[in-house]
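J.: Structure provided below as structure tokens; questions to follow.
The values are calculated or read from the model by the stated rules, or taken from the named source; none is laboratory data. Predicted model, so just to flag it, every value in this text is computed and none were measured. Quick reminder, even Gly has a Cβ in these numbers, built from the backbone with ideal geometry, and neighbours come from all protein chains shown.
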């Protein structure tokens, strides 16, 4: 939504770039609809119960961020980009939910380089590499799952043990910490513990027993595989996010597929 029309929140101070003489430029801003609708954030978070977040259009400053080899090598270039685009500087990009972060990046990409996006995929049937074109403007937010309550938590009944389990959704930073912990365990010589570590991160309580300290570690480690798989599946399906899946047809063999749009380097560094 273009900020020159109407706002859903009180307007912030305009982003005026002071130039020489009459060369003053007001940087346009957008209201980005958040997949989480703000209900998954704690009450002290700037986006608590906020359905939209305001960002500015990319400028030469953001272009410098995107082309910074130092930021690219450190793997933080998109963090710096998001932080630069946010109008409300009280928002820490590290504390954004992953789906809300994706929504900001999608909007910024369309404002900066347009909605047309070309990428290459290998057909799952004939393995031929094909070029796919998509209109990013057609990509929509997933609907909030009905099992998510007003506190941003999700409660399920496990299919095997029949215990009620309450889950929380991870921020982008917490997902990074999760992956680092999994890699750390692997490097220490432990077997693959990705499922148990993931469950320890997202489980709030099981059958009324809160996950405090190590209170649920033993139960999680011995949880029936049917219950563990159910939690992982429901979390992935219910997680507020962007639906990046599109339909296309292989130009070689004609095989139809539905695949995720890959967010590769070319997403923000399109080939000219």
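J.: So, of the residues in segment 226-240 that are touching a helix residue (DSSP H, G or I) at 6+ places or on another chain (Cβ under 9 Å) and at pLDDT 90 or above, which turns out to be surrounded by the most Cβ atoms within 10 Å (Cβ to Cβ)? Walk me through it before giving the result.
T.: From segment 226-240, those touching a helix residue (DSSP H, G or I) at 6+ places or on another chain (Cβ under 9 Å) are 228-229, 231-232, 235, 239-240; that's our starting set.
Restricting the remaining residues to those that are at pLDDT 90 or above gives 228-229, 231-232, 235.
On the way: 228: 18, 229: 14, 231: 23, 232: 15, 235: 19.
By that ranking, first place goes to 231.
J.: Going residue by residue through segment 232-250, is there one that turns out to be under 21 Å from residue 171 (Cβ atoms) and assigned to a strand (DSSP E or B)?
T.: The answer is yes, given that some residue of segment 232-250 is under 21 Å from residue 171 (Cβ atoms) and assigned to a strand (DSSP E or B).
J.: Could you go through segment 85-93 and let me know if any residue there is under 14 Å from the mean Cα position of the chain (by Cα) and assigned to a helix (DSSP H, G or I).
T.: Within segment 85-93, one or more residues are under 14 Å from the mean Cα position of the chain (by Cα) and assigned to a helix (DSSP H, G or I).
J.: Among the residues of segment 32-49, are any modelled with pLDDT of 90 or more, part of a strand (DSSP E or B) and within 20 Å of residue 140 (Cα to Cα)?
T.: yes
J.: Let me ask another. Regarding segment 199-215, can at least one residue be identified that is modelled with pLDDT under 90, surrounded by 17 or more Cβ atoms within 10 Å (Cβ to Cβ) and touching a helix residue (DSSP H, G or I) at 6+ places or on another chain (Cβ under 9 Å)?
T.: yes
J.: Is it the case that residue 212 is within 30 Å of residue 138 (Cβ to Cβ) and not assigned by TED's automatic domain parsing to the domain that holds residue 112?
T.: Numbers: within 30 Å of residue 138 (Cβ to Cβ): no; not assigned by TED's automatic domain parsing to the domain that holds residue 112: yes.
Considered against the rule, which asks whether it is within 30 Å of residue 138 (Cβ to Cβ) and not assigned by TED's automatic domain parsing to the domain that holds residue 112, residue 212 comes out as no.
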